[in-house]
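Notes for the one structure printed next.
Every number here is computed from the coordinates shown, using simple stated rules; none is lab data. Because the structure is predicted, anything quoted here is derived from the model rather than measured. As a convention, Cβ positions derive from the backbone with ideal geometry for all residues, glycine included, and neighbour counts pool all protein chains shown.
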Amino acid sequence: MAAHDLPAPPLRTVPRGERLLAAYVALVILFLALPVLIVVPLAFSSDVSLTFPPRGVSLRWFANIWARPEFLSAFALSAAVALVATGISMVAGVLAAIAFVRHTFPGRDALLMLFMTPLVFPAIVLAAALALVMTPLGLLRSFWGLALAHVVLTLPYILRTAVATLSEIDRSYQEAAHTLGADRWQAFRHVTLPMLRPGLLAGATFALIISFDEFTVSMFLVGPGVMTLPLEMYNYSEFTLDPTLAAISTVLLALTCLAILIIERLVGLGKQFGG
Amino acid sequence: MSTAVSGSTDVPFASAPPRRIVHRRTFGLGLLLAPGLLILTAGLLWPCLTMLQVSLQDRFPDPTGYTLDHYRAVLTDAYYLRIIGRTFLLAGVVTLLTAVLGFPVAWYLARSSSRRKHLIFLGIIAPLLVSIIVRTLGWTIILGNEGLVNAILRGLGVIDEPLKLMQGFWSVVLGMVHILLPFMILSVAAVVGKIDRSCLEAATVLGADPLRRFLKVALPLSVQGIASGSVIVFCLTVGAFVTPVMLGRGQVSVLAVTIHEQMVVLVDWPTGAAAAMILTSGTLVVLAAYGLFLRRHARR
């Protein structure tokens, strides 16, 4: 608790417990950042092996990414799957969120729990089960098979943020729109949707990240020619341990930061989670 | 929550709405839920039921009958039982550690001023933006025989031979805690942020020392966040594959790794499916316990 929250602060100095706690939090954040702090400098290493600290500086590992078309095509596939899956999840998630927030019906809580199940369902089981049913359908090692799996995985993230945002929106806005002669679609399009947008963007960002980084489920569904980036990176790490993967991660990190910055400018992403 | 629907202006002031409108409401509700239900049925329920069926088949493909032999095989095999035990032990240890390590951070996060909150929040979710492969790779660089920790210790003259830090179970625990700590912190912070501060002030005014205030007031009020965080962390650990493989160096077999082996390497789908169903039922038990807890908590 901050010092100014006490009823009548006797001292203006920060209590020692408070300072200890702050130091501990800083330590935890350092712990969370540690692997990244190691990986980014390694991307610029001139060594062939992954030793830290690097002995020299070079950009050869970035060049190596371009020399290996499999990384580029894996990146393209991962990005396409993430975008398509997030798009489908957003439509299904927002519709379901409206049902859950604005309607009461028997079994609503149980159904909401079912919708949230993929969040905690063992990834390995879902992976094997999907592979099992997709094989006879010819969906194994296909774009749409991967996309369906990623829709299942991202839907809870979208639904959760959509439900949270929708519950905060006062119904009277919508009723006012109706009173002013808007039909249901117009009220949704011009009143509810704009208010939903920040929450939706936050949910979509999370869904994109989850999909792009997904490993276990994709592992059962990919194959030669249909390979996502995390799988391609894992395969590479099985045989070669050089800083190429560090370089890829650095590029991805830069791209993510850029995207987050843009979204942050547009809607204030931090507020959506931190509030 | 009111029972009104989005199209509430359609409903006249009559005390009992005409049946026609009730039908339209149900229809609208069905339309709203249809895409989600379709996705869940095609992508979760149907595959899992198929898996259940395969786990009961005597052969795959082309079964001639149903049997419980695969379950018996898994549950009586000492090797498998050790792996099941290790998987749930790993999940338990990781859950406990993330809860203990994460709680103070969540507390601090929820009670900070908005500017600082923003920064801490970024520090906590930023690692989620980095590929899990890379984060795990980072730990192998830090902990490996030629890694950072050994280099520092050797440079300081503390050790001559490299310490074997990539020794299996505990390096996997470290990697999992690192990956899942943000999930725990965010779950707890969501609940802690809603605690009425006057409760804590009342405890102070009534003479409770900080430890008592924590144990008797703060902890009980945060327990729901700890519970939901624990469920997420436990379930994600139980099903984890990458971290045990990469940080365990093949020495830490957990269920996910064994299931993958059984199905993909040995192409024995029924036994793998039986192991998968056992893993799933473990998860469902945890979820059911959580559901019970929530219900009891709500009643109080």
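Would you mind checking which residues have amide H under 5 Å from B:Gln57's amide H? H placed 1.01 Å from N; only 5 or more apart, or other chain.
It is B:Thr67, by chain and number.
Only Cα pairs within less than 10 Å get springs; with that Gaussian network setup on chain A, which residue of A:Leu32, A:Leu208, A:Leu148 has the largest fluctuation?
Sorting by GNM fluctuation, first place goes to A:Leu32.
Charges at C-beta only: +1 for Lys and Arg, -1 for Asp and Glu. How large is the resulting dipole of the stretch A:44-165 about its Cα centre, in Debye rounded to 20?
Details: 7 positive and 3 negative charges, 20 e Å.
Using Cβ point charges on Lys, Arg, Asp and Glu, the stretch A:44-165 gives about 100 debye.
Working from the pairwise distances between different alpha carbons, so that the mean of 1/r is found and then inverted, what is the stretch A:16-58's Kirkwood radius in Å?
Working: mean 1/r = 0.0827 Å⁻¹.
Evaluated over the stretch A:16-58, this radius sits at 12.1 Å.
Between the stretch B:29-67 and the stretch A:178-206, how far is it from one alpha carbon centroid to the other, in angstrom?
That distance is 35 Å.
By the gyration tensor of its Cα atoms, with a ≥ b ≥ c the square roots of the eigenvalues, what is the shape of chain B: rounded for a/c under 1.5, prolate for a/b over b/c, or oblate?
On the way: a/c = 2.16, a/b = 1.11, b/c = 1.94.
In terms of gyration-tensor shape, oblate.
Summing Lys, Arg as +1 and Asp, Glu as -1, what charge do residues with Cβ under 14 Å from the Cβ of A:Phe52 carry, A:Phe52 excluded?
-1
Would you kindly give the portion of the calculated P(r) for chain A that falls above 32 Å, as a percent of all Cα pairs? Mind showing how you got there, number by number?
Details: 16212 of 37675 pairs.
Result: 43 percent of Cα pairs exceed 32 Å.
If you consider only alpha-carbon coordinates, what radius of gyration and Dmax does the stretch B:97-195 have, in Å?
Taking only Cα atoms of the stretch B:97-195, I get Rg and Dmax of 16.7, 52 Å.
Kindly provide the Kirkwood hydrodynamic radius of the protein assembly as shown in Å, to one decimal, from all pairs of distinct alpha carbon atoms.
On the way: mean 1/r = 0.0386 Å⁻¹.
Mean inverse Cα-Cα distance, inverted, gives 25.9 Å.
Could you tell me the relative contact order of chain B? Use alpha-carbon pairs under 8 Å, at least six residues apart, and round to a whole percent. The partial results should precede the final answer.
Working: 272 pairs, mean separation 74.4, N = 300.
Value for chain B: 25 percent.
With label points built 7 Å along Cα→Cβ from the Cα atoms of B:Tyr66 and B:Ser114, find their separation and express it in nm.
Label at B:Tyr66, label at B:Ser114, 5.9 nm between them.
Hey, what's the per residue convex hull volume over the C-alpha atoms of the stretch B:77-134, in cubic angstrom?
Numbers: hull volume 4.9 nm³, N = 58.
So the per-residue hull volume is 84 Å³.
With no solvent and one point on each alpha carbon, what is the Debye value of log10 I(q)/I(0) for the stretch B:175-214 at q = 0.26, 0.31 Å⁻¹?
For the stretch B:175-214, the Cα-only Debye profile gives -0.82, -0.94.
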